[in-house]
Amino acid sequence: MKQLVTTAIILSRTDYGEADRIITVLTPDHGKLRLMARGVRRVKSKLAGGIELFSVSTITFIRGKGDIGTLVSTRLLNHYGHIVDNLERTMLGYELIKQLNKITEDEPEPVYFELLQQVFGALDDPTIPLPLIRFWFIAQLLRIGGRQPNLRTDDQGSKLDASARYKFNLERMAFTPSSEHGQFGADTIKFLRLTFGSNIPKTLQQVQGSDRLTKETAPLVFSMFQP
């Protein structure tokens with residue numbers, strides 16, 4: 001049978017039998033794959049090194065007749081080892097991988113693979129706060145899924161005013177003017193624009209007051225996300 005080669009990130013691993021493991025991987029060109037890694041739990045297995053969590057690997061596989069193919073070989077490309085040095089970063093990593101696995105279909109767009117690589121890079125950097133990483137990740141899921149909020153005009157179609165205060169209308173996914181009870185102003189809206197743009201967490205971290213802005217805008221972004 002034809003052997004295929006691709007780049008992969010492990011989404012989940014399930015022990016099977018005495019020494020095998022069924023893995024789910026995300027790839028940029030074959031979507032999500034379920035593969036049988038035979039003998040991988042044995043001490044001298046040549047497959048084990050390339051299916052570590054928080055890693056990017058080159059894998060060779062054979063498609064199966066059913067839902068599960070066979071993993072033939074692996075080669076580790078990049079392991080984000082600092083993630084597992086910190087329990088909180090490890091747990092957040094598990095959470096975000098599980099979340100992405102849950103919301104993506106079998107043939108997700110390649111951008112999801114890139115997103116996981118970026119979030120691994122952020123988690124691997126101990127200087128980037130975890131609340132910022134979680135906030136950024138959810139914003140990217142919204143953006144990729146076509147559920148990005150309107151950050152240019154209010155819910156009546158008027159251009160957002162830097163001197164005004166706003167509330168957010170979840171039904172319309174847009175801001176609405178509110179001089180008395182508006183939670184959001186120019187600084188928070190600008191931070192949201194940066195977040196929903198192509199900026200990575202390291203860039204957002206360099207924004208003055210990023211910790212405060214994350215705290216003020218994260219609840220809004222989380223309320224938009226309904227997996």
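The values are calculated or read from the model by the stated rules, or taken from the named source; none is laboratory data. Small disclaimer: the values here were computed from a predicted structure and weren't measured. Virtual Cβ from ideal backbone geometry, glycine too; neighbours counted across all protein chains shown. Note: accessible area is taken over every heavy atom of the protein model, side chains too, but ligands, DNA and RNA are not part of it. Shrake-Rupley method; radii C 1.70, N 1.55, O 1.52, S 1.80 Å.
Name the residues in the stretch 153-177 that are over 21 Å from residue 214 (Cα atoms), in contact with a Lys or Arg (Cβ under 8 Å, 6 or more places away or on another chain) and open to solvent by less than 50 Å² (accessible area, probe 1.4 Å), would you?
Residues satisfying the conditions are 153, 155.
Of everything in the stretch 43-80 that's part of a loop (DSSP other than H, G, I, E, B) and hydrophobic (A, V, I, L, M, F, W, C), which residue is surrounded by the fewest Cβ atoms within 10 Å (Cβ to Cβ)?
Among them, the one singled out is 43.
Given 134, 143, 147, 152, which one is out of contact with any Cys (no Cβ under 6 Å at 6 or more places or on another chain), free of Cβ contacts under 8 Å to residues at least 12 places away in the same chain and under 27 Å from residue 170 (Cβ atoms)? Please lay out each step first, then the result.
Details: 134 fails: free of Cβ contacts under 8 Å to residues at least 12 places away in the same chain; 143 fails: free of Cβ contacts under 8 Å to residues at least 12 places away in the same chain; 147 fails: free of Cβ contacts under 8 Å to residues at least 12 places away in the same chain.
Selected residue: 152, the only one of 134, 143, 147, 152 that is out of contact with any Cys (no Cβ under 6 Å at 6 or more places or on another chain), free of Cβ contacts under 8 Å to residues at least 12 places away in the same chain and under 27 Å from residue 170 (Cβ atoms).
Considering only residues that are within 13 Å of residue 217 (Cβ to Cβ) and either in contact with a helix residue (DSSP H, G or I) (Cβ under 6 Å, 6 or more places away or on another chain) or in contact (Cβ under 8 Å) with a residue 40 or more places away in the chain (or both), which ones fall in the stretch 155-191?
Correct list: 168, 188, 191.
Give me the pairs: first residue in the stretch 62-78 and basic (Lys, Arg), second residue open to solvent by less than 60 Å² (accessible area, probe 1.4 Å), beta-carbon distance under 6 Å, and six or more apart or on different chains, which are they?
That search, which allows pairs on different chains as well, returns 63/69; 75/50; 75/58.
Within the stretch 119-151, work out how many residues are open to solvent by less than 60 Å² (accessible area, probe 1.4 Å) and either more than 15 Å from residue 80 (Cβ to Cβ) or assigned to a helix (DSSP H, G or I) (or both).
In the first step, residues of the stretch 119-151 are kept if they are open to solvent by less than 60 Å² (accessible area, probe 1.4 Å); the result is 119-125, 128-130, 132-133, 135-142, 144-145, 149-151.
Those left that are additionally either more than 15 Å from residue 80 (Cβ to Cβ) or assigned to a helix (DSSP H, G or I) (or both): 119-123, 129-130, 132-133, 135-142, 144-145, 149-151.
Here the count works out to 22.
So the check is Cβ under 6 Å with 6+ separation or different chains; which pairs have a first residue in the stretch 97-109 that's part of a loop (DSSP other than H, G, I, E, B) and a second one that's hydroxyl-bearing (Ser, Thr, Tyr)?
Hits for this filter: 104/112.
Of the residues in the stretch 192-218, how many are outside any loop (DSSP other than H, G, I, E, B) and touching a residue at least 24 places away in the same chain (Cβ under 8 Å)?
16
Quick check, is residue 27 surrounded by 18 or more Cβ atoms within 10 Å (Cβ to Cβ), of a type in the set (Ser, Thr, Tyr) and under 16 Å from residue 98 (Cα atoms)? Show your work before the answer.
Values: surrounded by 18 or more Cβ atoms within 10 Å (Cβ to Cβ): yes; of a type in the set (Ser, Thr, Tyr): yes; under 16 Å from residue 98 (Cα atoms): yes.
Considered against the rule, which asks whether it is surrounded by 18 or more Cβ atoms within 10 Å (Cβ to Cβ), of a type in the set (Ser, Thr, Tyr) and under 16 Å from residue 98 (Cα atoms), residue 27 comes out as yes.
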